[in-house]
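These notes concern the structure reproduced below.
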């Protein structure tokens with residue numbers, strides 16, 4: 001376990017360093033938007049440009065920038081957004097809850113659906129309904145999430161007009177009750193979350209199904225059946241429970257997939273989360289924001305991976321000996 | 001008497017659709033009614049005999065864009081898949097065959113790249129390294145090789161321990177001879193199915209990056225078509241999306257699914273013992 005944690009710390013350091021170096025390899029400096037004659041933010045004065053560079057620390061030697069960056073990252077000081085002139089930490093605080101709401105909803109519902117569907121399909125393996133579910137799972141898991149989202153948006157948002165097209169809530173809305181606020185946020189969440197669930201559920205379903213199928217061949221299942229246990233108990237308590245372990249191991253990988261999906265979904269639905277924040281920052285070459293978001297997202301993914309490792313060694317004593 | 005070969009419906013579907021896309025890409029100049037960059041009509045024409053899928057906002061023929069788009073998707077898929085599998089085979093082969101500290105080092109590297117959040121890193125790299133097709137291809141290969149390296153390493157390790165390989169080495173077979181003669185035939189099927197899987201991921205990523213506006217702005221790819229269509233104000237309020245937005249989206253999806261099913265079918269066909277229950 002010590003080696004595992006060390007390996008995660010090493011990964012984190014590499015992430016930090018890559019994150020520092022990459023923006024500096026970019027042709028054109030971070031102030032290019034402010035200094036481009038074509039841009040509306042153009043700053044004419046050479047002295048002002050020098051002052052700006054000094055203010056953002058870009059005129060210092062690389063090693064000093066690196067030291068300040070590491071120190072800032074460790075103390076939670078991520079600098080200021082050049083484009084929005086706001087602390088990056090504050091931008092992340094306003095955007096992160098939306099992403100967590102979206103990916104959290106997506107992960108939980110997709111997991112439940114995948115577990116239930118996977119167990120049911122494995123139970124009736126080989127029948128036409130199983131085959132149809134497997135094909136549907138492969139299609140849902142591999143269809144590009146931006147296209148699925150687009151079709152849902154057009155169908156439910158535009159054609160039927162049942163759901164809002166974009167955003168996390170109604171702009172300038174004033175809520176009289178908490179319930180009204182929840183209803184509005186929920187209505188905006190529905191389509192993005194549905195898209196994410198569709199993207200995640202395919203892989204989870206296929207995984208659970210193949211695990212349950214292999215459990216079904218075990219001796220203890222035969223014994224349980226011979227004891228005359230009712231089908232429901234066999235299916236849920238014996239088969240599914242033993243297939244849970246590999247499922248947990250894959251949850252971390254799915255957590256990072258949820259974030260991947262969220263970048264496309266947030267861009268498509270104009271959802272005010274981290275994915276859209278990093279995307280807009282890249283467009284504007286807003287270094288501090290890109291670095292900050294990438295850092296937070298990487299840390300979240302790494303922590304999820306580590307937690308899954310710990311959880312798995314708890315669940316399966318055999319892993320502890322390695 | 002020939003052996004009866006049962007390909008399976010996954011493989012038949014996948015290969016058929018894939019062949020259609022490849023034929024479209026190869027014959028693009030004969031199939032497309034116009035040059036996709038030529039302004040061959042009025043802006044935003046509805047479908048007509050002259051323009052079966054209408055024209056885009058710049059007056060370019062959408063069907064021609066769609067046909068030529070197959071070239072871009074397949075070229076990036078081929079390049080990125082070849083890069084992914086080459087890197088993966090090299091790293092996995094070296095680590096698995098030589099073992100020792102080099103194995104430890106390379107596998108740490110694999111762990112690190114696998115734990116990095118892929119899409120944000122992909123966006124970061126594309127934004128900083130440039131958005132030409134060559135860069136997109138290289139960036140995808142750079143981020144996707146570790147999974148393939150793991151698979152290859154495991155197989156090389158297991159083959160290396162087998163009796164006949166040990167025997168060959170004891171009789172003085174050098175690494176080059178053993179690799180070519182004994183190891184390569186055993187990892188060949190893995191390389192083939194790895195190529196197809198990687199190609200599917202590359203198609204999804206290339207179109208996704210172009211859709212986000214991080215692709216080559218001069219290459220008329222399916223992702224870029226979707227982006228331009230969605231950027232037209234009020235596109236969804238008319239039925240214009242039916243012939244402008246839907247076809248490229250369907251093409252991307254169909255190509256990815258064809259590659260996925262081909263990969264699944266190949267796995268079953270080449271590794272009957274691994275066949276999913």
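Just so you know, all these numbers are worked out from the coordinates, no wet-lab data involved. None of these values were measured; they are calculated from a predicted model. Positions of Cβ are backbone-derived with ideal geometry, glycine not excepted, and every protein chain shown enters the neighbour counts.
Relative to the compact-globule estimate of 2.2 N^0.38 Å, the Cα radius of gyration of the stretch B:1-109 comes out at 1.71. Take each residue in B:120-132, count the other chain C-beta atoms within 10 Å of its C-beta, and the mean is 6.
Take the stretch B:105-151, drop everything but the C-alpha atoms, weight them equally and run the Debye formula without solvent; then report log10 I(q)/I(0) at 0.17 Å⁻¹ to two decimals. With one equal scatterer per Cα and no solvent, log10 I(q)/I(0) is -0.50. Taking the fewest neighbouring Cβ atoms within 10 Å as the starting point, the ordered list for A:120, B:206, A:64, B:267 is A:64, A:120, B:267, B:206. For a paramagnetic label modelled on residue A:75 (point 7 Å from Cα along Cα→Cβ), amide N atoms under 13 Å away are absent within the stretch A:298-315. The angle separating the long axis of helix B:9-26 from the principal Cα axis of greatest extent in chain B is about 60 degrees.
Pairwise Cα distances in the stretch B:160-277 exceed 22 Å for 57 percent of all pairs. The convex hull around the C-alpha trace of the stretch A:77-187, projected and averaged over every direction, spans 11.1 square nanometres.
So how much slack lies between residue A:225 and residue A:2, counting 0.36 nm per residue of separation and subtracting their Cα-Cα distance, in nm?
Fully extending the segment from residue A:225 to residue A:2 adds 76.0 nm.
Between residue B:9 and residue A:176, the simple spin-label model (points 7 angstrom out along Cα→Cβ) gives 5.6 nm.
You can think of it this way: the chain between residue A:68 and residue A:299 has 81.2 nm of extra reach, that is 0.36 nm per residue less the Cα-Cα gap.
Sorting A:174-182, B:190-198 by their mean Cβ neighbour count within 10 Å, with the most densely packed peptide first, gives B:190-198, A:174-182. Each residue in A:274, A:306 was given a count of other beta-carbon atoms within 10 angstrom of its own, and listing them fewest first yields A:306, A:274. Inter-chain neighbour count for A:146-159: the average number of beta-carbon atoms from partner chains within 10 Å of each residue's beta-carbon is 4. Please work out the Cα center distance from the stretch A:193-246 to the stretch A:134-188, rounded to the nearest Å. The stretch A:193-246 and the stretch A:134-188 have Cα centres spaced 31 Å from each other. Listing B:225, B:107, B:264 from fewest to most neighbouring C-beta atoms within 10 Å gives B:107, B:264, B:225. Rg over Rh for the stretch A:174-227 works out to 1.41, using Cα positions for both radii and the Kirkwood form for Rh. Computed from the Cβ-Cβ distance with R0 of 30 Å, the FRET efficiency linking residue A:244 to residue A:127 stands at 0.80. Taking the Cα atoms only, what angle lies between the long axis of helix B:100-115 and the longest principal axis of chain B, rounded to 10 degrees? On a 0 to 90 degree scale, this one is about 20.
A Stokes-Einstein calculation at 25 °C with viscosity 0.890 mPa s, built on the Kirkwood radius of the protein assembly as shown over Cα pairs, returns a diffusion coefficient of 93 µm²/s.
Helical content alone sets the calculated 222 nm signal of chain B at -23500 deg cm²/dmol, taking -39,500 (n - 2.57) per DSSP H segment of four or more residues and averaging over every residue. Note on chain B: Rg/Rh from C-alpha atoms, Kirkwood Rh, equals 1.07.
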